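Take a look at the structure set out below.
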Amino acid sequence: MAVKFQRPHALCDVRLHYCAGCTHGIIHRLVAEVIDEMGIEGDTVGVCPVGCSVFAYNYFNCDMIEAPHGRAPAVATGVKRARPDLNVFTYQGDGDLAAIGTAETVHAATRGENIVVIFVNNGTYGMTGGQMAPTTLPGQVTTTSPYGRDPRTAGYPIHVCEMLSTLDGTALAVRTAVDTVPHIRETKKMIRKAFENQQKGNGFSIVEVLSTCPSNWGLTPKESIKRLQEECIPYYPLGIYKDVEIAQANADKLAMGGAAK
Amino acid sequence: MEKVLMKGNEALAEAAIRAGCKCFFGYPITPQTELSEYLSKQMPKRGGVFLQAESEVAAINMVLGAGGTGTRVMTSSSSPGISLKSEGISYIAGSDVPCLIVNVERGGPGLGSIQPSQQDYWQATKGLGHGDFRLIILAPNSVQEVVNLVVRAFELGEKYRMPVMLLSDGLLGQMMEPVEFPEIKAETADNSSWAACGTKMQREHHIVNSLYIEAKDLEEQVKARYERYAVVEANESDAECYLCDDAEIVITAFGACSRIAKSAVNKARAEGIKAGLFRPITLWPFPKQQLLDATKNAKAVLSVEMNMGQMVDDVKLALDCKIPVSFFGRTGGVIPSPNEVLEELRKLNGGAQ
C-alpha cells in the first residue's frame with residue numbers, strides 16, 4: 001500500500017509537550033517538511049530558544065544547539081561562520097526574539113548573516129505562564145498587564161518584520177499565519193524560500209508566523225484562531241515586507257523599461 | 001628559532017592562529033584591543049574567521065555556536081566585558097563546549113580603570129557565572145609564557161571538554177618582550193561523539209545543551225562533570241617555585257605581579273633574608289600540593305597581588321592555616337614596586353627599616 005501521509009523524517013518520533021490547540025506543532029511540521037523536501041537534514045543545525053519551544057532540540061532530527069534566552073541569532077552566527085557548509089536555522093518566540101534578544105536579532109539581520117530565523121509570534125510569554133510580551137496588543141490582558149496593556153506605561157508592540165525590512169542585510173522579511181489551510185501553505189512556501197535564500201547566500205531571512213496560545217489567552221483552540229484572525233492579523237498585517245529577489249527583479253525590469261511588479 | 005619583539009596581546013593572537021584557532025568573536029575594549037586588531041588583520045589572510053560582534057554577550061554566544069560545531073574558537077575581553085560574557089560562559093560550561101576565553105584584566109569594580117590589575121581572581125576562579133562549574137584558569141607571567149599557554153589552553157579545553165580562561169592583564173598585554181614561536185602542533189581531541197556539525201544522515205542527532213528539566217538528571221550531569229574536574233585537579237595543576245627549598249618566607253604571586261615579587265626576593269636574598277617565590281600557573285586547579293612542598297621550611301607566607309587579597313583564601317586553604325599568611329597588594333590599576341614588597345619581607349623577617 002502506498003504511503004500517502006507520514007511524519008517528516010526531520011521530525012523526531014516523540015511526543016511533543018505543547019498544549020492542546022497550540023500552533024507550534026504545525027510550524028514544527030512545516031520546517032521539517034521543508035528540510036525533508038530539500039534533502040538537507042544531514043547538513044542542518046537548528047538553534048533553539050528559551051521559551052515554549054525550548055525543547056525543540058528533542059523534536060528536530062538534525063543536530064541542535066540550545067541557546068541562552070534571546071541569543072539564538074548569535075549562536076547561529078557562530079555555527080554559520082565556523083561551518084558555512086551547514087544550513088542553520090533558529091526557532092524563536094516573541095519574548096526571546098523581540099525583547100531580550102533584540103540586539104542579537106537586529107545585528108544578525110544588519111550583517112546579512114546567512115541564516116534562517118523562524119519567528120513564532122503569539123504575543124505572550126507562554127512558558128512562564130502568560131506575561132506581557134513585546135508583541136502583546138494594546139489593551140490585551142496578561143498576568144503582568146492585568147488591566148490591559150497600556151502603551152502609555154508599558155510601551156507599544158514591536159512590528160518585527162517592518163523594523164527588519166529597513167536593514168540592508170535582510171534578504172527576506174515576511175509575516176504569515178497558520179490559521180487557515182491557505183495560510184499554512186503560504187507559510188511553508190516562505191520557509192522554503194528562506195532556506196533557499198541561505199543556500200544562494202542571499203543573507204538574513206526571517207519568517208514571522210502569527211501563532212496562538214489558547215492556554216494563556218484563556219480561550220479554546222477554536223476561539224484562539226478567531227482572535228488571531230479578528231485581532232492579531234489586523235494589527236500585524238500579513239505579507240512580504242522585504243524580498244531582495246523581488247526587489248532585484250523589479251530593478252532589472254525597470255532597467256529594461258518594463259513595469260515593476 | 002628566531003626571537004621577535006612583540007606586545008603580549010599580539011603574541012597571544014599570533015599563538016592562537018598557530019595553535020589552529022579558526023574563529024575569533026569579540027568586542028572592542030581596553031586593554032585587550034591589540035589582540036582583536038591583530039586577528040582582524042591576520043585571520044582573513046590565514047583561513048580563519050574574525051567577527052566583531054555587537055556586544056560581549058553576542059560574542060560569547062557566537063563562541064558557543066562555533067565551539068558547538070567542534071571548531072577551535074576563542075574570544076577575548078577585559079574585566080567589564082568578562083562580566084557581560086558570564087551568562088554565555090555558564091551555558092558553555094553547562095554544554096561541555098571547549099573554547100578559549102582571554103581576560104586582559106583591568107581595574108574594577110564597575111568601569112574601574114584601564115590600568116593593569118588582578119582584580120578578577122575571584123571572578124575567574126570562583127564566579128564566572130551561575131551554577132556549579134569550573135574553568136581551567138591559566139595565568140602566564142611573560143609574553144613567552146602567554147604564547148606557550150595559549151597552545152596548552154586549547155589542548156586542555158578539548159581534552160576535558162570545558163572552557164579555559166587565559167588570565168592576562170594590562171601589563172602582560174601591553175608590554176613588549178622578545179618571544180619565539182616554537183613549532184606548534186596543538187593536539188586535537190576527537191569531537192565526533194558530541195559536536196553539532198550535521199548528522200550526514202549517518203547517526204543520531206547531537207544536542208549541545210545545558211537544560212535538564214528533571215532535577216535528578218541535572219544532578220547526574222553536574223556530578224559527571226565534577227568527576228572530570230577531579231581528574232583535572234589531579235593531573236593539570238601547575239606552579240613554578242623559585243628559591244623555595246630553604247625559604248623561611250615564601251611569597252605567593254601570580255601573573256605579572258610575580259615578576260615584581262621575584263625582584264623583591266632577589267633583593268631580599270642579597271640582604272640575607274631567606275625568601276622564595278611560589279607562582280601558581282594554574283589558578284584553577286590551585287596547585288595545593290606544590291604549595292605545601294614549597295613551604296615545608298617556611299615560617300611565613302606573603303601573598304602579593306594587584307588586588308585587595310583575592311588569592312589569600314586559596315593560599316590559606318591549601319596550607320590548612322598551618323603557616324601565617326599575610327598580604328601585600330596595590331589595587332585599582334596601581335602596580336606595586338619591588339621595594340614595597342621588599343619592605344614587607346623585611347617586616348616579616350623581624351626587622352622593619
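Just so it is clear, none of the values below were taken in a lab; they were calculated from the coordinates. What you see is a predicted model, and the numbers here were worked out from it, not measured in a lab. Cβ: placed from backbone, ideal geometry, glycine included. Neighbour counts: every protein chain shown.
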Take the alpha-carbon centre of region B:201-235, take the same for region B:10-43, and report the distance between them in whole Å. 30
Could you work out how far helix B:143-160 tilts from the main Cα principal axis of chain B, as a 0 to 90 degree angle to the nearest 10? 50
Please identify which residues in region B:82-111 have an amide N closer than 19 Å to a label point set 7 Å out from the Cα of B:Asp190, following the Cα→Cβ vector. B:97-98
Which shape class, rounded, prolate or oblate, goes with chain A when its Cα gyration tensor gives a ≥ b ≥ c as root eigenvalues, a/c under 1.5 marks rounded, and past that a/b bigger than b/c marks prolate? rounded
Where in chain A are the DSSP H helices whose alpha-carbon span along the long axis reaches 20 Å or more and whose Kyte-Doolittle mean is at least -1.0? A:24-38
Once R0 is set to 51 Å, what does the formula 1/(1 + (r/R0)^6) return for the Cβ-Cβ distance between B:Glu271 and B:Tyr226, expressed as a FRET efficiency to the nearest 0.05? 0.65
Describe numerically, in nm with one decimal, the distance between label points set 7 Å from Cα along Cα→Cβ at A:Asp150 and at B:Glu219. 4.7
On Cα atoms only, tilt of B:338-348 relative to the major axis of chain B in degrees: 60
What percent does the relative contact order of region A:24-255 come to when contacts are Cα pairs within less than 8 Å and at least six residues apart? 18
Mean Cβ-within-10 Å packing, highest first, puts peptides B:324-332, A:157-165 in the order A:157-165, B:324-332
Between helix B:215-236 and chain B: long-axis angle, C-alpha atoms, 0 to 90°, nearest 10: 50
Shielding by partners, peptide A:39-50 (average Cβ within 10 angstrom, other chains): 4
Cβ neighbours within 10 Å, averaged per peptide: list B:8-21, B:266-279 in order, most packed at the top. B:8-21, B:266-279
Taking each residue of B:110-118 in turn, how many C-beta atoms of other protein chains fall within 10 Å of its C-beta, and what is the average? 0
Between region B:65-80 and region A:170-228, what's the alpha-carbon centroid distance in Å? 33
Which whole number gives the average, over all residues in B:191-200, of C-beta atoms from other chains lying within 10 Å of the residue C-beta? 5
My understanding is that a pair violates if its Cα-Cα distance is over 22 Å; which of A:Lys200/B:Lys45; B:Lys85/B:Lys288; B:Lys22/B:Lys45; B:Lys223/B:Lys322; A:Lys189/A:Lys253; A:Lys80/A:Lys253 do that in this structure? A:Lys200/B:Lys45; B:Lys85/B:Lys288; B:Lys223/B:Lys322; A:Lys189/A:Lys253; A:Lys80/A:Lys253
Protection proxy ranking, peptides B:293-305, A:144-156, A:234-246, B:93-105, average beta carbon neighbours within 10 Å, highest first: B:93-105, B:293-305, A:234-246, A:144-156
Along the Cα-to-C-beta direction of B:Leu111, a point sits 7 Å from the Cα; which residues of region B:320-343 have their amide N less than 18 Å from that point? B:332-333
Between the residues A:Val141, A:Pro73, A:Leu11, the Cα farthest towards the positive end of the dipole of chain A, that dipole coming from +1 and -1 charges on the beta-carbon of Lys, Arg, Asp and Glu, is from A:Val141
With Rh as the Kirkwood radius over Cα pairs, chain B has Rg/Rh of 0.99
At 7 Å along the Cα-to-beta-carbon direction for both B:Lys41 and A:Leu254, put a label point, then send me their distance in nm to one decimal. 4.3
